[in-house]
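Q: Got a structure for you, written out below as structure tokens; questions coming shortly.
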Amino acid sequence: MNEKIEYLKRRVAARKMSRREFVGRATAMGVSAAAAGTMFANAVQAAGPIRGGTIKAGLSGGASSDTLDPALVASEATHGILRTWSDTLVNVSRDGAVVPRLAEEITSSPDAKTWNFRIRKGVEFHNGKTMTPEDVVATIERHTGDDAKSGAQGIVKGIESMAIDGDIVAITLSQANADFPYLMADYHLAIQPNGGKDDPNAGIGTGAYIIESNEPGVRTTFRRNPNDWDENRGYADNVEILVINDATARTSALQSGQVDMINRVDPKVAGLLDRAPNLTVKNVSGRGHYVFIMRIETDEFVNNDLRMALKLAINRQEMVDKILRGYGSVGNDFPINAAYPLFDDTIEQREYDPERAAEYYRKSGHDGSPIILRTSDAAFPGAVEAAQLFQESARAAGIPLEVKREPSDGYWSEVWNVKPFCASYWSGRPVQDQMYSTAYLSTAEWNDTQWKRPEFDAMLIEAKAELDPARRKELYSRMARMLRDEGGLILPMFNDFVDAISTRVMGYEDDPNGELMDHFAMQRCWVEG
Amino acid sequence: MHPIVKLVAQRLALGILLLFAASVLIFAGTQILPGDVAQSILGQSATETSLANLREQLGLNEPAVTRYFKWLFSALQGDLGTALTNGADIAESLGKRLKNTLFLAACAAVVSVPLAITLGLIAVRFRDRWPDKLISAVTLTTISIPEFLLGYVLAYFIAVKLGWAPSVAMISDSMSLFEKLRTVALPVAVLTMVVLAHMMRMTRAAILNVMQSAYIETAELKGLSGLEVIRKHALPNAIAPIVNVVMLNLAYLVVGVVVVEVVFVYPGLGQYLVDHVSKRDVPVVQACGLIFAAVYIGLNMVADIVSILANPRLRHPK
């Protein structure tokens, strides 16, 4: 029987047999339909990409107020659109390495202060202009400076000067940073002609697809870039990105075949959806996490015993099971997990311990009045329920929590980074340095837990410049332990990315950097004929 | 002056006055939302410097009264300004959305209004017998189910299971009229179910009211059949309240269908408004508010004028 199956697989690989025919014959030989489907997919996958056809993606996180300006991209649909028409200097691979893209080669001075990016030659923008080192410098410039309204402003802040030497862009930093190339992978830093200074919303880049029409918050259509410099992508002739914000509408669009892939499948229905024919649910563990934030400088949380009591009073496994429905993993009160390079897996996992929590609570001398925990649907999906679970598990330790539900509207301006205790989320960063620098450095704008420790800052800066991985790992481990035991962060869970794709889509690979292969799925997948 | 002209002119003047009052309310309302535009644009990524820069650039530092009159005068000239969030011309993008919304509303109205009135007439003709009870039971059931649930149920059975119509009703200009009609089939069905009962019950009640009159008895005695009596004598005299409720529902179809738009991913005005409210894009919110107010006031004015015209005592004064 095996020989026959192998023969069928070869026929599939040679594109001489359709899915229906293959599944029909394989089931006739006693293979289950599900197994036959997987076999077919593997055979097609092994045969390599097919060009042609249209890939349609239904993405959440778009609005009619969106723009094409890479600097302002903040939500998933705009991110997906940006990826499809643009390139950055480097990407981060699935296993966390830096991959040269528009920069062909990256070298640094021994002190990690000056970084040289050799810019790829002969790359054309969609408007026919050749991409030059000047465009690269202009792009970075546009995101720098106090008047830049860019999501990458914090990333490029450390750049002291830039110089062009032939096809090399030399970037000098004010402070050594061994991870600097990772920062250049930030999607906001998409290279635009003259850095987008003429028209940031033009949507002209070097990407695999050229924008044909763009209706913000509704639909963006693309055609393949005929002059694409990278032939290992852009398999479909056309790509369409439809904005479908409603989770149920998104799943039914996939089920009825109107789209080929969707992001953000609600964990509540992921299990059920996976049973539907013609589609698969893909969950990938990433670096994003859901958190409860205590602001250390407020009257209540200045007391570390109270912080520790609350950290011990949360049932992490229950949160993963009930809020994420198993699509995630437990956290350990510091924002790093195994998806990061140089992660120390010997740090002890904190467990739910109501007795010790009660002990710490008594020691803290708290007056017993309810501690107000603010939450909202905007914080993360299921944040209200998570807060209620927290309330229950804390009650068992004798700690009174009062859950206060806030409107989604204005949550990020009125509650997060303002109120003493609230629910929030972080989407994670490619490397530890970036995560800590963004939210746990004393001077960071987003230091939402008000974690201000000179010794922590010193270790962070030392690790930044350290090129020896063993020493870096040790420093990061000490920082993690410090934050875990004294910080204002309660991190119950890391959430998986949950996507769903139609079985006609091939080439999907798990990527911990982001949902839908870090939004590269539209250009790296292909559809069977 | 003919009194009817005077009455109609009065109505029109009142409508315009009301519209101005609405514009003040809309403007005031957008000022008291928590947070401001700059904060909403930057969201979680807001920093003190970027906030200050953006506020300056958007002119948020001017007093509210100055901004109101500036806005009102340019709106009167058809210039609704540009969206703060993406710099798009509001009149243009709003126009596109309005066209879609009106298309959906028109399709739903073409189906639901004649259907509701016919069902109302049938219900009167067979009053308190099974057709009447069946019609009431079915329409009252569909109006009582939340519209998103109706939408999901239809999407599941008709789009996912049967594949008759798409669940994503994203229409575009490149579609032919037939394609467009097929695309909006599901939202139209849901909207029809939602508005049917209201109009049907009103038609039934208004006609039943007239049916008590002496002239109906005369008509019956004249030997006219049941439906003939209703059509020729009862309906024309019950037209005012029916037009009123029809207009109210038409207004709803234009301004109140955001839930249906979300469920079926329809690129209409409601979704456009909600997107911009959440980003505090004040000029867009104000423009949408103004359009919605105009539609509401306009349709109610039409209803008023129709009932004035339908009144023979006003048409033929002594």
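All of the numbers you see were taken from the coordinates with simple rules; none came from a lab. Worth saying up front: this structure is predicted, and the values here are computed from it rather than measured. Don't worry about glycine lacking a Cβ; one is built from the backbone with ideal geometry, like all the others, and counts go over all protein chains shown.
Q: What whole-number distance in Å separates the alpha-carbon centres of segment B:199-239 and segment A:456-515?
A: 76 Å
Q: Ok, one more. How large is the convex hull of the C-alpha atoms of segment A:283-332 per residue, in Å³?
A: 81 Å³
Q: Let me ask something additional. Semi-axes of chain B's equivalent ellipsoid from the Cα gyration tensor, sqrt of 5 times each eigenvalue, largest first, rounded to whole Å?
A: On the way: eigenvalues 371, 153, 43 Å².
With the √(5λ) rule applied to chain B, the semi-axes are 43, 28, 15 Å.
Q: In whole Å, what are the Cα extents of segment A:196-267 along the three principal axes, biggest one first?
A: In descending order, the Cα extents are 39, 29, 21 Å.
Q: Considering all projection directions equally, how large on average is the shadow of the alpha-carbon convex hull of segment A:125-238, in square nanometres?
A: That works out to 8.5 nm².
Q: Still on this structure: Can you give me the C-alpha center-to-center distance between segment A:210-225 and segment A:126-196, rounded to a whole angstrom?
A: A separation of 26 Å, based on Cα centres.
Q: Picking from A:H366, A:A439, A:G48, whose Cα lies most toward the positive end of the charge dipole for the protein assembly as shown (charges on Cβ: Lys, Arg +1; Asp, Glu -1)?
A: Toward the positive end, the furthest listed residue is A:G48.
Q: Hey, got the average number of other protein chain Cβ atoms within 10 angstrom for residues in B:14-25?
A: If you average over the peptide's residues, the count of other-chain Cβ atoms is 0.
Q: Right, something else. Just to be sure I understand: of the beta bridges DSSP finds with both ends in chain A, what percent are antiparallel, rounded to 5?
A: Percent antiparallel among DSSP bridges in chain A is about 80.
Q: Right, another one. From the P(r) of segment A:237-359, could you give the percentage of C-alpha pairs in the tail past 19 Å?
A: Numbers: 4741 of 7503 pairs.
More than 19 Å apart: 63 percent of the Cα pairs in segment A:237-359.
Q: Which values of log₁₀ I(q)/I(0), to two decimal places, follow from the Debye formula for segment B:142-195 at q = 0.26, 0.32 Å⁻¹ with a uniform point scatterer at every Cα?
A: -0.99, -1.20
Q: When a footprinting reagent is the concern and you count Cβ atoms within 10 Å, what order do B:T183, A:T88, A:T251 take, fewest first?
A: Going from sparsest to densest Cβ surroundings: B:T183, A:T88, A:T251.
Q: How big is D, in µm² s⁻¹, for segment A:388-448 by Stokes-Einstein at 37 °C and 0.692 mPa s if Rh is the Kirkwood radius over C-alpha pairs?
A: In µm²/s, the coefficient is 237.
Q: Next up: Report Rg(Cα)/(2.2 N^0.38 Å) for segment B:1-152, keeping two decimals.
A: Working: Rg = 24.0 Å, N = 152, 2.2 N^0.38 = 14.8 Å.
The reported ratio for this selection is 1.62.
Q: Something else about it: Sort all Cα-Cα distances of segment B:117-230 into consecutive 10 angstrom bins from zero, then give the percent of pairs in each bin up to the one containing the longest distance.
A: For segment B:117-230, the binned pair fractions read 13, 31, 25, 18, 11, 3 percent.
Q: Using only the Cα atoms of segment B:233-318, construct the convex hull and provide its projected area averaged over every direction, in square nanometres to one decimal. Don't skip to the answer; put the middle values down first.
A: Details: hull surface 30.1 nm².
That works out to 7.5 nm².
Q: Treating the angle as unsigned and between 0 and 90°, give the value, to the nearest 10°, between the Cα long axis of helix B:64-76 and the longest Cα principal axis of chain B.
A: Roughly 60 degrees between the two axes.
Q: Taking the Cα centre of the protein assembly as shown as origin and charging only Cβ (+1 Lys, Arg; -1 Asp, Glu), how large is the dipole, in debye to the nearest 20?
A: 4000 debye
Q: Cα centroid distance between segment B:255-270 and segment B:138-187, in Å?
A: 12 Å
Q: Quick one: Debye curve from the C-alpha atoms of segment A:327-473, no solvent, what's log10 I(q)/I(0) at q = 0.11, 0.13, 0.14, 0.21 Å⁻¹?
A: Listed by q, the Debye log ratios stand at -0.55, -0.76, -0.88, -1.40.
Q: Considering only B:P283, B:A294, B:S136, whose Cα is most displaced toward the positive end of the charge dipole of chain B, charges sitting on Cβ of Lys, Arg (+1) and Asp, Glu (-1)?
A: Farthest towards the positive end: B:S136.
Q: Further, regarding this structure: In the protein assembly as shown, with Lys and Arg counted as +1 and Asp and Glu as -1 at Cβ, which of these residues, A:P335, B:G163, A:Q258, has the Cα nearest the positive end of the dipole, that is, farthest along it?
A: Result: B:G163, furthest along the dipole toward the positive end.
Q: Could you work out the pair-distance distribution P(r) of segment A:42-98 from its alpha-carbon pairs, with 5 angstrom bin width and percents rounded to whole numbers?
A: Final binned percentages: 4, 13, 17, 17, 20, 17, 7, 4, 1.
Q: Determine Rg/Rh for chain A; Rg is computed over alpha-carbon atoms and Rh is the Kirkwood hydrodynamic estimate from the same atoms.
A: 0.99
Q: Suppose every Lys and Arg Cβ carries +1 and every Asp and Glu Cβ carries -1, with no other charges. What dipole size does segment B:146-220 come out with about its Cα centre, to the nearest 20 debye?
A: Charge dipole of segment B:146-220: 240 debye, to the nearest 20.
Q: Looking at chain B as a GNM with Cα springs under 10 Å, which of B:V245, B:V229, B:V284 has the largest mean-square fluctuation?
A: B:V229
Q: Over every pair of different alpha-carbon atoms in segment A:1-119, take the mean of 1/r and invert it; report that Kirkwood radius in Å.
A: Evaluated over segment A:1-119, this radius sits at 18.9 Å.
Q: Whole number please: convex hull volume per residue of the Cα set in segment A:441-484, in Å³?
A: 67 Å³
Q: What do the square roots of 5 times the Cα gyration tensor eigenvalues come to for segment A:437-529, in whole Å, largest first, as semi-axes of the equivalent ellipsoid? Write down the numbers at each step before the final one.
A: Details: eigenvalues 284, 55, 28 Å².
Whole-Å semi-axes of the equivalent ellipsoid: 38, 17, 12.
Q: Summing -39500 (n - 2.57) over the DSSP H runs of n ≥ 4 in chain A and dividing by its residue number, what mean residue ellipticity at 222 nm do you reach, to the nearest 500 deg cm²/dmol?
A: -9500 deg cm²/dmol
Q: Mind putting a number on the dipole of chain B about its Cα centre? Charges go on the C-beta only, +1 for Lys and Arg and -1 for Asp and Glu, and I need it in Debye to the nearest 20.
A: In total the dipole reaches around 1240 debye.
Q: For segment A:112-188, what mean projected area does the convex hull of the alpha carbons give, in nm²? Don't jump to the answer; show the numbers that get you there.
A: Working: hull surface 21.6 nm².
For the Cα atoms of segment A:112-188, the hull's average projected area reads 5.4 nm².
Q: Give the Rg (one decimal place) followed by the Dmax (whole number) of segment A:53-163, computed from C-alpha coordinates and expressed in Å.
A: When restricted to Cα atoms, segment A:53-163 yields Rg and Dmax of 15.8, 49 Å.
Q: Leaving out same-chain residues fewer than 8 places away, which aspartates and glutamates sit with a Cα under 12 Å from that of A:K473?
A: Counting by Cα, and skipping residues close in sequence, A:K473 has these aspartates and glutamates nearby: A:D344, A:D345, A:D433, A:E462.
Q: I would also like to ask the following. DSSP loop trypsin sites (Lys or Arg not before Pro) in segment A:270-302 with at most 13 other Cβ atoms within 10 Å of their Cβ, which ones? Provide the component values of the computation, followed by the final result.
A: Values: sites: A:R275, A:K282, A:R287, A:R295; in loops: A:R275, A:R295.
For trypsin sites (Lys or Arg not before Pro) across segment A:270-302 that sit outside H, G, I, E and B with at most 13 neighbouring Cβ atoms in 10 Å, the list reads A:R275.
Q: Please list, by residue number, every one of the GluC sites (Glu not before Pro) in segment A:221-298 that is coil in DSSP and has at most 13 other beta-carbon atoms within 10 Å.
A: Sparse-neighbourhood loop GluC sites (Glu not before Pro): A:E231, A:E297.
Q: If you bin every alpha carbon distance in segment B:43-117 into 10 Å steps from zero, what whole percent lands in each bin?
A: 15, 28, 25, 18, 10, 3, 0
Q: Past 26 Å, Cα to Cα, is the threshold; run A:K149/B:K96; A:K268/B:K180; A:K311/A:K464; A:K129/B:K96; A:K129/B:K99; A:K419/B:K279 against it and keep the listed order.
A: A:K149/B:K96; A:K268/B:K180; A:K311/A:K464; A:K129/B:K96; A:K129/B:K99
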